[in-house]
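Read through the structure below, which is laid out as structure tokens, and then see the notes.
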Amino acid sequence: MNINPSTIQAICSSILSFLPKLREPRNFFFYILPFSIVLGRLIPPSSSSALNDIGLSMVQLIAFPAIPLVLSAVMISIANIFSSHTRNNADRIRFGTRFVVSLLSAILFATSLALLLSLYQSPGILSPSAKLSIGRFMLDVTDIHVGAVASTSQANDIWISKIIPSNIFADASNGQTLKVISGSVIAGLAISRLKPDLTSPLISLLRSVNSISVQALNIVLNLAPLVLICLISAAISTINAEIVIALLNFTICVFLTAIASLGVSRLIYRRFTSKSERVGISVNPVDSVFLLSLSTGSSMTAYPLLFETLTGMGRNESEVEASASLSLLIARLGNVSYNVIAILFALNLYDVGITPLRIVEVIGWGAITGISAAGLTGVATVPTISVALLFFQVPYPPILVLLLAIDPILTLPRAATTGVLAMAIAVVSSFQSPAKEAPPNPESAV
Amino acid sequence: MFKPFLRSLVAFAFVSLMLLSPLQVNAVNNFVESIQRRGYLKVGLPPYNTPPAYYIDPESKELTGYDVEIAKTLASKLKVDIEFDRSSTSFNNLVERVGLGDFDLGIGKLGLTYTRLFDAFPIQYLSFRHAFLANRGFISSLKVDPDDPSFGEILKNSNIRIGSIKNSTWETEARVNFPNAEFVGFDNWTAAKEALFANDSIVDAIYRDATEIKPIVYSKPDLSLEYVPILFDELIDRKSIYFSQEGRLGLEDFIDMTLQREWGGIKNDIAILDEFQSYYLAS
């Protein structure tokens with residue numbers, strides 16, 4: 001049978017034009033999610049690993065513009081904000097104060113919300129049948145081997161060692177996001193202290209890198225529907241439904257935190273933007289950020305939407321760049337709230353009494369371990385909790401096994417929480433640019 | 001001068017051969033022949049039930065298990081009947097009695113210790129890792145990541161309270177391998193398990209080989225939340241069949257060949273857990 005090349009061309013072009021349409025968040029719920037679930041139920045578990053590998057390869061592709069985007073966005077924004085030629089000291093203090101206050105408020109909000117929901121829902125208080133399901137799942141998996149070749153401990157590998165930059169180019173090529181951020185902040189400060197004629201070539205280069213990175217992200221994001229189909233169907237094919245049911249309270253807490261964060265972010269958006277700024281915006285952009293993060297499982301994918309929405313509203317570009325990139329990458333509020341819930345889950349599971357002092361400790365450790373997930377993505381963020389569990393002297397290996405078992409589902413609301421709260425921080429901390437241009441329709445940016 | 005010396009040397013060598021060689025051959029034959037004359041193999045078994053190694057089957061009320069089958073195979077290859085003796089008071093007592101010649105051999109998941117080497121002569125047939133079933137709370141109190149390379153040393157030098165059967169190889173091993181631990185001896189394995197699971201437990205872990213520890217969580221998976229099997233990959237329990245000096249001399253080659261051909265060589269705990277999966281895994 002001869003296949004006409006024009007037919008192949010037509011099929012390819014129709015797929016290429018169809019994929020961007022599938023990227024719209026509502027299509028995630030109406031088409032991608034149901035299709036993936038059905039596919040996951042149909043495929044044999046043996047083929048799920050191949051599907052998962054394909055999905056992870058595409059995730060790697062989607063993540064590739066992240067580092068240059070972070071590097072350029074942070075460097076440009078810090079250089080602009082701290083430059084004595086473009087901004088005065090009062091502006092810097094105003095932005096810095098609002099950013100820090102809003103960031104701390106968001107962390108406090110995320111931890112408190114997660115704490116209240118956990119105290120209400122009591123994740124970790126399990127029925128005998130749920131304990132049996134969990135026990136069956138853990139057989140052979142959590143055994144401790146003494147004398148075998150030990151794997152690298154992740155428990156103590158956090159924060160300080162990962163934040164100090166060594167060589168910004170080496171850090172960038174090694175994917176050390178936190179080091180890239182801290183290096184970019186220092187480099188941005190250095191640029192801000194130099195004369196504009198010395199730094200303008202570099203600034204324009206960084207600006208080009210940033211624009212190209214955003215454009216590249218937009219292109220590779222077309223693969224997001226395929227990524228989701230691969231990952232969700234692979235997860236459905238292998239996930240232990242018994243475990244999901246056993247951990248239902250925990251799952252509900254994480255989803256409720258995401259939804260509550262969406263509600264609060266919507267309120268903040270309404271409260272901290274003027275009517276004139278919202279002219280031409282028909283859909284609340286917080287909803288779009290939420291759905292985009294939820295549907296891709298990555299808060300970073302919401303960065304272009306967040307940036308273009310706020311700059312489109314006339315907000316100061318540097319402030320938006322700085323607040324959006326730093327809150328998306330460093331604060332990791334989805335992880336902060338998730339870790340608070342997970343710590344309370346572990347404490348309940350092992351019958352550790354909840355005292356006022358312990359509540360404060362839970363909030364503190366939830367925030368510290370959540371923030372220490374900066375630079376990590378997806379399932380790799382979960383083991384950060386082990387430090388907190390060691391502090392509370394709760395056995396962390398079985399908890400990690402359980403959390404990792406249901407993480408293919410929970411990584412989605414975690415990303416959505418990070419996305420919407422980062423939007424809230426950016427809205428609160430950024431200000432109207434002096435020379436406001438006519439706002440383009442931000443929805444067209446997605 | 002040289003010829004008489006050579007003649008004397010050849011004569012001495014001939015007489016030596018005549019005297020020594022038949023003695024060696026007669027020693028082997030004597031032991032096997034004594035069993036065959038008696039008409040049955042006398043096998044000492046511990047006074048416990050340790051399924052699936054050796055136990056009274058609840059339905060048939062007969063002695064069964066893989067250790068029993070090995071002994072029966074040996075008897076059939078010797079073309080004699082078999083008689084099991086379970087009157088020993090402990091594992092160590094059984095090994096002592098084998099050494100004194102009360103039985104032709106002693107079998108029943110008997111581990112190897114210095115004390116037992118003083119009393120009798122072992123031939124290894126199983127290789128099981130030492131294992132704990134430990135309270136996760138105690139493990140967390142050590143404040144070290146179980147994946148950390150230092151975990152093993154910290155555990156071995158901790159003040160852990162270890163429970164197992166008293167006067168067993170595990171009491172000896174606990175004192176050797178865990179110098180700062182407190183050993184709590186129990187009359188039997190069931191009592192040790194009950195002590196671990198009690199509300200105010202007097203032990204932090206129970207100690208035996210992997211084929212005894214793993215089935216506990218297999219039969220009751222919800223225990224996995226509170227208790228964790230710890231497998232010591234470098235501490236190996238060489239389960240052996242014990243003989244008297246004469247028995248070892250007479251039966252060593254015979255046992256080696258039978259174990260290789262009929263049993264499949266020295267088996268480890270993973271092979272045993274796999275082979276007797278239907279027994280170990282909860283229905």
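Return A:VAL227, A:VAL100 ranked ascending by Cβ neighbour count within 10 Å, so the fewest neighbours appear first.
Numbers: A:VAL227 24, A:VAL100 11.
Placing the least packed residue first, the sequence is A:VAL100, A:VAL227.
Here the Debye sum runs over all C-alpha atoms of the stretch B:185-283 as equal scatterers in vacuum, and log10 of I(q)/I(0) at q = 0.12, 0.13, 0.16, 0.17 Å⁻¹ comes out as -0.57, -0.65, -0.86, -0.93.
Applying a DSSP loop filter and a limit of 15 other Cβ atoms within 10 Å to the trypsin sites (Lys or Arg not before Pro) in the stretch B:28-133 leaves B:LYS61, B:LYS79. With the charge dipole of the stretch A:235-301 set up from +1 on Lys and Arg Cβ and -1 on Asp and Glu Cβ about the Cα centre, the Cα lying farthest toward the positive end among the listed residues A:THR301, A:SER261, A:ILE245 is that of A:SER261. Each other residue within a Cβ distance under 15 Å of A:PHE255 adds +1 if Lys or Arg and -1 if Asp or Glu, for a net charge of 0.
Placing dummy labels 7 Å off each Cα toward the beta-carbon, the span from A:ALA50 to B:ASP85 is 6.4 nm. Exposed loop sites here mean trypsin sites (Lys or Arg not before Pro) with a DSSP loop assignment and at most 12 other beta-carbon atoms within 10 Å; chain A contains its longest site-free run at A:1-192. For A:ASP351, B:ASP209, the sequence from fewest to most other C-beta atoms within 10 Å is A:ASP351, B:ASP209.
With R₀ set to 60 Å, the beta-carbon distance separating A:ILE11 from B:GLN245 gives a calculated FRET efficiency near 0.10.
Beta bridges per DSSP, both residues in the protein assembly as shown: antiparallel share near 55 percent. When only Cα pairs below 8 angstrom with a gap of at least 6 residues are kept, chain B shows a relative contact order of 24 percent. Phi angles of the stretch B:244-261 translate, via the Karplus equation with coefficients 6.51, -1.76, 1.60 and θ = phi - 60°, into HN-Hα couplings of 6, 4, 5, x, 4, 5, x, 10, 3, 5, 4, 5, 4, 5, 5, 5, 5, 7 Hz per residue; Gly and Pro are given as x. For the pair the stretch B:106-139 / the stretch A:226-277, the C-alpha centres are spaced 52 Å from each other.
Using 0.36 nm times the number of residues separating A:ILE93 and A:GLU242, minus their current alpha carbon distance, what extension gain do you get?
On the way: separation 149, 0.36 × 149 = 53.64 nm, distance 5.28 nm.
Contour length minus the Cα-Cα distance gives 48.4 nm.
Note on chain A: Cα Rg divided by 2.2 N^0.38 Å, N the number of residues, gives 1.01.
Kindly provide the Kirkwood hydrodynamic radius of the stretch A:199-343 in Å, to one decimal, from all pairs of distinct alpha carbon atoms.
17.7 Å
Diffusion of the stretch B:128-236 by Stokes-Einstein, at 4 °C in a medium of 1.567 mPa s and with Rh set to the Kirkwood radius over alpha-carbon pairs, works out to 94 µm²/s.
Here the stretch B:128-236 carries DSSP beta bridges of which approximately 65% are antiparallel, counting only pairs with both residues inside. Candidates B:SER224, B:ASN199, B:PHE178 compared by Cα position along the dipole of the stretch B:128-236: farthest toward the positive end lies B:ASN199, with charges placed on Cβ. Summarising the strand pairing of the stretch B:65-208, around 35 percent of its internal DSSP beta bridges are antiparallel.
Quick check on chain B: helices-only [θ] at 222 nm, where DSSP H runs of length 4 and up contribute -39,500 (n - 2.57) each and the sum goes over total residues. Nearest 500, please.
The per-residue figure over chain B is -13500 deg cm²/dmol.
3J(HN,Hα) along the stretch A:265-271: 5, 4, 4, 4, 4, 5, 6 Hz, from the Karplus curve 6.51 cos²θ - 1.76 cosθ + 1.60 with θ = phi - 60°, whole Hz, x for Gly and Pro.
Using helices alone, what [θ] at 222 nm do you get for chain A, with -39,500 (n - 2.57) per DSSP H run of 4 or more residues, divided over all residues and rounded to the nearest 500? Walk me through the intermediate numbers first.
Numbers: 20 runs with 310 residues, N = 446.
Helices in chain A give a 222 nm mean residue ellipticity of -23000 deg cm²/dmol.
With the simple spin-label model, which puts each label point 7 Å out from Cα in the Cβ direction, the B:ALA271 to B:LEU142 separation comes to 2.9 nm.
How many percent of the alpha carbon pairs in chain B exceed a separation of 29 Å? Provide the component values of the computation, followed by the final result.
Details: 16746 of 39903 pairs.
For chain B, the share of Cα pairs beyond 29 Å comes to 42 percent.
Each Lys and Arg contributes +1 and each Asp and Glu -1, all at the Cβ; summed about the Cα centre of the stretch B:157-227, the dipole is approximately 120 debye.
A short reminder: the numbers here are calculations on the coordinates, not readings from a lab. These numbers were taken from a predicted model, which means no experiment stands behind them. For neighbour counting, all protein chains shown are included, and Cβ atoms are generated from backbone atoms with ideal geometry for every residue, glycine included.
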